[in-house]
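Okay, so here's the structure we're looking at.
The values are calculated or read from the model by the stated rules, or taken from the named source; none is laboratory data. Not measured: the values here are computed from a predicted model. Cβ placement follows ideal geometry from the backbone for every residue including glycine, while neighbour counts extend to all protein chains displayed. Note: accessible area is taken over every heavy atom of the protein model, side chains too, but ligands, DNA and RNA are not part of it. Shrake-Rupley method; radii C 1.70, N 1.55, O 1.52, S 1.80 Å.
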Amino acid sequence: MAKLDFPVFDADNHLYETQDAFTRHLPAKYDELFKYVEVNGRTKIAVDNVISDYIPNPTFDVVARPGAFAEYFSGNNPEGKSLRELAGKPMRTGEEFRTAEPRLRLLDELGLDAALMFPTLASLLEVRLADDPDLTCTVIHAFNQWLHDEWTFNYRDRIFATPIVNPSIPERGVAELDWLLERGAKVVLMRPAPVAGHRGTRSPFLPEFDPFWARVAESGVLVTLHASDSGYQRYINDWEGTNRETLAFKPNPFYDAVSTGRAINDTVTAAICHGMLSRFPTVKLASVENGGSWAISCLKAMEKTYQKMPREFAEHPREVFLRNLYINPFWEDSIEDLVNLVSPEHILFGSDYPHPEGMADPLHWAKEMGDLFPAADVRKMMGGNMFDLLGLAHPAP
């Protein structure tokens, strides 16, 4: 694919995990925690003896092609085809989706100078361990060890794998962050959701977690809030009288209508209303693969709350939102109002490659943006902002 005349940093690429991603470094006493089992001729993953259908094929031996669901997620599916029908013939998963060096060659083919590399299956971990913060921290560390084995956290200043952080036990959260920083991590991944607790979950932005955020602020590491299984299926279950898990690729009209943007809206609101971003004003949060349509209503709601109780805030929420937050909108979003709200300097391009709901040609977004915004702003959104956030020199085009 043709390279653009300016550097491109894709803030949302994905890897596909190997079957030992959760177990390779897991202590022996947890040998039975994760298992791959056969169910009606198909391989499924079981977590603590509970079979999950969250990802239809957790082995990733074959996957849907990049961009296969693009029309569906853009709202263009007049015939109401199922995702299976839209997927067409699957493709075998190559090494470029499993490890760093082959992926680097693929970045060159796609015309990308650099990319954040997010896990796929790991997004099911934390919600299934939400009542056990100790085990949550142990499982996360084991996964991060695997991630470092296969990808490192900074591969040639071009591929930046995103290890997971979780401050449910603050001292363990700090220790994990230090372990990651010692190994070159420039960016970390936090699930947009409450963190685990023995007596129920709670916001990770409450003052009890300040030791973790103090270390984040000191290090300057970028914290990404990537879409995940944030546990919001329980609210759908309340309405539908079920007890099911989130199913990533099974259409549910009610879930789609009420849940889109809800987890990231609540997470950003908690970060501001619980005061973390005012106590640590240099912390940078990047919302990835959550779209951007939630942002305007989120800020309006906080502004109205501020008008009612300004003394409950250390700063005006608008100032915090516009200072600390960076947003990766969906490629299909109508984003002019979003860009006008947060400024081009706080927009991040991300293709979700190679997921089927993402873009088959990541550079296509640049043309769409070029029809709407000045060239200098397109350069920032397509990569300049990410290079700046990670403190990296902009490569020559």
Using a 1.4 Å probe on the protein chains only, how many percent of the accessible area of the chain belongs to carbon and sulfur?
50
If one computes P(r) from the Cα atoms of the range 282-397, what percent of pairs lie at distances over 16 Å?
63
Which lysines, if any, have their Cα less than 26 Å from the Cα of Lys308, not counting same-chain residues under 8 positions apart?
Lys300
Over the chain: helical MRE at 222 nm, DSSP H runs n ≥ 4 each giving -39500 (n - 2.57), nearest 500
-9500 deg cm²/dmol
Separation of alpha-carbon centers, the range 6-22 and the range 201-245, rounded to whole Å
21
Measuring with a 1.4 Å probe in the full set of protein chains, what accessible area per residue, in whole Å², belongs to the chain?
44
Radius of gyration, Dmax [the range 98-174; alpha carbons; angstrom]
14.5, 44
Two decimals, Cα atoms only, Kirkwood Rh: what is Rg/Rh over the chain?
0.94
Greater than 26 Å apart at Cα, pairs in Lys44/Lys250; Lys186/Lys380; Lys29/Lys250; Lys284/Lys367:
Lys29/Lys250; Lys284/Lys367
Restricted to the chain, the DSSP antiparallel beta bridge percent, nearest 5, is 40
Gain in length, Met91 to Lys367, computed as 0.36 nm per residue apart minus the alpha-carbon separation, to one decimal in nm?
96.6 nm
What trypsin sites (Lys or Arg not before Pro) in the range 234-298 are in a loop by DSSP, with at most 14 other Cβ atoms within 10 Å of the Cβ?
Arg244
Kirkwood Rh and Cα-based Rg: tell me the resulting Rg over Rh for the range 178-262, rounded to two decimals.
1.07
